[in-house]
Amino acid sequence: MRQVSSLVAVLTVATGAAVLQPASAARHATPPLSAISFMAGCWTGPSSNGATIEEQYTSASENMVIGMTRYVRDGRVVDFEFTTIERSDTAFFMTPHPNGVRSDSFALKEVADGRAMWENLKHDFPQRIIYRRGADGTLVARIEGTTPRGDRHSEWTMHRCEAR
């Protein structure tokens, strides 16, 4: 008997035809944006530079989430970033726009319940952007990577806030 373990059969009910697809394609399908719904909303917390970080992410549409980050010190915005998270049938990318300027994109590398990691190993710093939901309902954002001076990371723990 011939083994078909590397194929996944998908029955198309409308036509009554069987469509065969490699199992690897089924395993590597791009997840829906709802996989990162834990990021949606308004978040705020302290930053290591003495400012307060404020992040807002829209709820997911079929193809995009839009984010805005600002750092506020003494009532003034001292830094900001726009972020797009885009999904197609074959890709799921985060693209930061620090100070409104487009940067390199980061491909989704891992996504699990309450955690997502994007990676771009060719970027100078960071190479990874990680968001995870804390056990206490916080949102933890982390950037990490390697620089000429060694491994480096920054992390921000934020709690829910009212949209500003």
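Descriptive notes on the structure:
- Of the strands (runs of 3 or more DSSP E) lying entirely inside the stretch 102-164, those containing at least 3 residues that are in contact with a His (Cβ under 8 Å, 6 or more places away or on another chain) span 139-147.
- Here the condition is being under 18 Å from LEU33 (Cα atoms), exposed (fewer than 11 other Cβ atoms within 10 Å of the Cβ) and over 12 Å from the mean Cα position of the chain (by Cα); of SER61, SER48, it holds for SER61 alone.
- Restricting ARG132, ARG128 to residues that are touching a strand residue (DSSP E or B) at 6+ places or on another chain (Cβ under 8 Å), over 20 Å from PRO32 (Cα atoms) and surrounded by 15 or more Cβ atoms within 10 Å (Cβ to Cβ) narrows the list to ARG128.
- Hey, GLU81 out of contact with any helix residue (DSSP H, G or I) (no Cβ under 6 Å at 6 or more places or on another chain) and outside any loop (DSSP other than H, G, I, E, B) or not: yes
- If you go through the stretch 91-101 and pick out every residue that is of a type in the set (S, T, N, Q) and assigned to a loop (DSSP other than H, G, I, E, B), you end up with 1.
- Residues considered: ARG152, ARG164, ARG115. Of these, the only one that is modelled with pLDDT of 95 or more and under 22 Å from ALA60 (Cα atoms) is ARG115.
The values are calculated or read from the model by the stated rules, or taken from the named source; none is laboratory data. Please read these numbers as outputs of a predicted model, since none were measured by experiment. FYI the Cβ positions are ideal-geometry reconstructions off the backbone, even for glycines, and counts take in every protein chain you see.
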